[in-house]
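> Sharing a structure below in structure tokens format, with a few things to ask.
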Amino acid sequence: MTMPSAGSPALPPSPPPAYASAVLPASADRVWAYLRDFGNLAEWMPGVDTGVIEDGGPSDRVGCVRRIIGPGDTVFRERLTSLDDAARTYRYEILECPLPVRRCRATLRVVPVTMTGESFVEWSADFSANADDEEAMAKTLTLGIYATGLTALVRRFS
């Protein structure tokens, strides 16, 4: 591994294979208060017809599983693996989906934009896929899901 020489800036880490971000016109506290509900995806995500927490328990309980029904009755099942109110971050893993991905672990994070009072939201995932599917899946997650959802959130908070 080559270290940057003294005086030259370190390169930022590479983003995960699937990554989208947006600035929302609302405070980070307000955006997080809404997004920390792991069960409300159908309220704001285009293409999601229904979304429920499978056992009917609280949607902020680590370990809960949300069942999402999308276009053509496609089913996604996702388990909340961590929720950190102080860091305004939650992580989840995809248990079942129609996409050719494996070991997909995603993160949604909200941070304040201190100069404007807005919020910066990042949605990202690391995943495995067959080599011939990898680029298409990164594009599908980034543009088809994450950027689409963040665009809808910008509209919701405008």
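The values are calculated or read from the model by the stated rules, or taken from the named source; none is laboratory data. Owing to the predicted nature of the structure, the values given are computational and were not obtained by experimental measurement. Here the Cβ is made from the backbone with ideal geometry for all residues, glycine too, and neighbour counts use every protein chain on show. What goes into the accessible areas is simple: the full protein's heavy atoms, side chains included, and nothing from ligands, DNA or RNA. Shrake-Rupley method; radii C 1.70, N 1.55, O 1.52, S 1.80 Å.
> Determine whether region 59-66 contains at least one residue that is under 13 Å from the mean Cα position of the chain (by Cα) and modelled with pLDDT of 95 or more.
No - not one qualifying residue is present in region 59-66.
> What is the residue count in region 109-142 for residues that are hydrophobic (A, V, I, L, M, F, W, C), in contact with a strand residue (DSSP E or B) (Cβ under 8 Å, 6 or more places away or on another chain) and surrounded by fewer than 15 Cβ atoms within 10 Å (Cβ to Cβ)? Walk me through it before giving the result.
Within region 109-142, the first condition is being hydrophobic (A, V, I, L, M, F, W, C), and the residues that meet it are 110-111, 113, 115, 120-121, 123, 125, 127, 129, 131, 136-138, 141.
From what is left, the residues that are in contact with a strand residue (DSSP E or B) (Cβ under 8 Å, 6 or more places away or on another chain) are 110-111, 113, 120-121, 123, 125, 127, 129, 137-138, 141.
With surrounded by fewer than 15 Cβ atoms within 10 Å (Cβ to Cβ) added as a condition, the list becomes 113.
Residues meeting the conditions: 1.
> Within region 38-48, take every residue that is in contact with a helix residue (DSSP H, G or I) (Cβ under 7 Å, 6 or more places away or on another chain) and open to solvent by less than 20 Å² (accessible area, probe 1.4 Å) and give me the one that is nearest to residue 134 (Cα to Cα).
In the first step, residues of region 38-48 are kept if they are in contact with a helix residue (DSSP H, G or I) (Cβ under 7 Å, 6 or more places away or on another chain); the result is 44-48.
Filter once more, keeping what is open to solvent by less than 20 Å² (accessible area, probe 1.4 Å): 44-45.
Working: 44: 27, 45: 24 Å.
Of everything passing the filter in region 38-48, 45 is nearest to residue 134 (Cα to Cα).
> Another question, then. Under 9 Å between Cβ atoms, which residue pairs at least 6 apart in sequence (or on different chains) link something in region 139-152 that is among the polar types (S, T, N, Q) with a partner that is open to solvent by 50 Å² or more (accessible area, probe 1.4 Å)?
142/17; 142/19; 148/46; 151/46
> Does residue 46 fit the bill of being modelled with pLDDT of 95 or more and over 25 Å from residue 136 (Cβ atoms)?
Here the answer is no, as residue 46 does not meet what is asked.
> Take region 49-76 and flag every residue that is among the small types (Gly, Ala, Ser), farther than 15 Å from residue 91 by Cβ and exposed (fewer than 11 other Cβ atoms within 10 Å of the Cβ).
Once the filter is applied, which keeps residues that are among the small types (Gly, Ala, Ser), farther than 15 Å from residue 91 by Cβ and exposed (fewer than 11 other Cβ atoms within 10 Å of the Cβ), region 49-76 yields 56, 72.
> Restricting region 6-37 to residues that are under 13 Å from the mean Cα position of the chain (by Cα) and either within 27 Å of residue 134 (Cβ to Cβ) or modelled with pLDDT under 95 (or both), which is surrounded by the most Cβ atoms within 10 Å (Cβ to Cβ)?
Going through the qualifying residues, I end up with 18.
> Here are some residues: 156, 79, 91. Which one is open to solvent by 80 Å² or more (accessible area, probe 1.4 Å), under 13 Å from residue 41 (Cβ atoms) and either of a type outside the set (Val, Ile, Thr) or not in a strand (DSSP E or B) (or both)?
Exactly one of 156, 79, 91 is open to solvent by 80 Å² or more (accessible area, probe 1.4 Å), under 13 Å from residue 41 (Cβ atoms) and either of a type outside the set (Val, Ile, Thr) or not in a strand (DSSP E or B) (or both), namely 156.
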